[in-house]
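Below you'll find the structure, written out as structure tokens, and then a few comments.
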Amino acid sequence: MRSIAPLRNPIRNYAWGSRTALAGFMGRPAPTPEPEAELWMGAHPSAPSQVPVGSRWRSLAEVIQEAPGPVLGERVLERFGPRLPFLFKVLAVERPLSIQAHPDAAQARAGFQRENAAGIPLDAPQRNYRDASHKPELVCALSEFRALVGFRPPGEVADLFGRLAIPVLGPELERLASERSSGRLRELFAALLGLEPGRRGQAVSQALDAARSSAGDDPACQRMIALAEAYPQDVGVVASLLLNPVVLRPGEAAFLGPRELHCYLSGLAVELMANSDNVLRGGLTTKHVDVDELLATLDFDAAGCARVLPEPAGVDEAGRRYRTAAREFELTELRLTSARSLAGEPSVAILLCASGEVRLEDAHGTRLRLGRGQSALVPAAAAPVSGEGRALLYRAAVPNAG
């Protein structure tokens, strides 16, 4: 494949998704029969995008395997092999999704090999590792986007829980109050997730009773009460008190590295990550929770949310790049008011139109129109690509360095 091409992208239907947000973003009828949570743009084996090849649509993953050089470009092929190293998404979060973290590269490789050796099917509910990749990710808000990211400092947690009466966790809370350390914070979190089923509900009820009677207007307690309406008796309701609240305005972004506990609460956003679907959950879910594996993953040292401020991009003055430590991906925002260069380097990219309309043209004269919610593959062999129109675009690509 050597020319720009439209993408047909799979939609993932999860309970926390929206029946209107993604449909509205893509110009489809709403409400939809099922909640729509994620639009995937990429070549992950479990849900690859499709591209037109001749007279039919084919899996992007298969197209890359058959002719990786023209699609990926030599630089990407040399660094990552014959695979697209990133996965691009649009998230529509109507209700909180699971408290979760992602493994680092070494843990992902070891876990994937271990579960393969144990004969656990890739689609098994109890599977932790569905591929051998780590999953750093960048989330950039399209609407106001609310999340919980990273552990609060131990002292903040001790003070907050000190205002609540949760006898089930009494010993751990007393130790945290006297020794405000990340080790004691880990002990509290482990004790909470390790409660027997009957005592989990008891801990949630005790925390909610205390929040309603004595916590007043504390935002963390009010958020916990709201979470309990969506996930009654789930220990993730109480675990939410341990995490930092984050609000992203449209255009603002946050980078989540491996081993960082987080939870998305509401909003519409683009998300760019390493090409992985490895998730270790800790609560607010009916899916598999492996407490030991999650605890082996997490970083309990408080650092706060890693907000990413966009910088002027080298493409033109209309572009702003979100730089992160990730080797696999880089997100650029492109605001078009006239003809601009959009992808000049001979390297693979995906363009998503978030608003307006753009007319693309590649090095071979192939033209393609994108409207809101539509996306295109830019193979390395198609560069340079220009765009004309009034539109907000997001470009997912592989950074030059590293």
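The table below lists the values:
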{"item": "Estimated dipole of the chain in Debye, rounded to 20 [Cβ of Lys and Arg +1, of Asp and Glu -1, Cα centre]", "result": "840"}
{"item": "Accessible area of the range 150-199 belonging to carbon and sulfur atoms, whole % at 1.4 Å probe", "result": "49"}
{"item": "Acute angle (nearest 10 degrees) that the helix 182-193 long axis makes with the longest principal axis of the chain, alpha-carbon atoms", "result": "90"}
{"item": "Virtual spin-label span in nm between Arg307 and Arg390, 7 Å along Cα→Cβ", "result": "3.0"}
{"item": "Percent RCO, i.e. relative contact order, over the range 22-97, from Cα pairs under 8 Å lying at least 6 residues apart", "result": "33"}
{"item": "Fluctuation leader among Met273, Met41, Met26 - the chain, Gaussian network, Cα springs under 10 angstrom", "result": "Met26"}
{"item": "The range 61-75 - phi-based ³J(HN,Hα) in whole Hz, Karplus 6.51/-1.76/1.60, Gly and Pro as x", "result": "4, 5, 4, 5, 4, 6, 8, x, x, x, 7, 7, x, 5, 5"}
{"item": "FRET efficiency for Ser178 and Ser59, using Cβ-Cβ distance with R0 set to 51 Å, rounded to 0.05", "result": "0.35"}
{"item": "The chain, accessible area per residue, ligands and nucleic acids excluded (1.4 Å, Å²)", "result": "41"}
{"item": "Positive-pole candidate from Gly373, Leu142, Leu280, dipole of the chain, charges at beta carbon", "result": "Gly373"}
{"item": "Helix 219-230 vs. the chain, principal-axis angle (Cα, 0 to 90°, nearest 10)", "result": "80"}
{"item": "DSSP-assigned coil residues among GluC sites (Glu not before Pro) in the range 15-105, each with at most 15 further Cβ atoms within 10 Å", "result": "none"}
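The values are calculated or read from the model by the stated rules, or taken from the named source; none is laboratory data. Predicted model, so just to flag it, every value in this text is computed and none were measured. Note that each Cβ is placed from the backbone with ideal geometry, even for glycine, and that neighbours are counted across all protein chains shown. Just the protein is used for accessible areas: all its heavy atoms, side chains included, with ligands, DNA and RNA removed. Shrake-Rupley method; radii C 1.70, N 1.55, O 1.52, S 1.80 Å.
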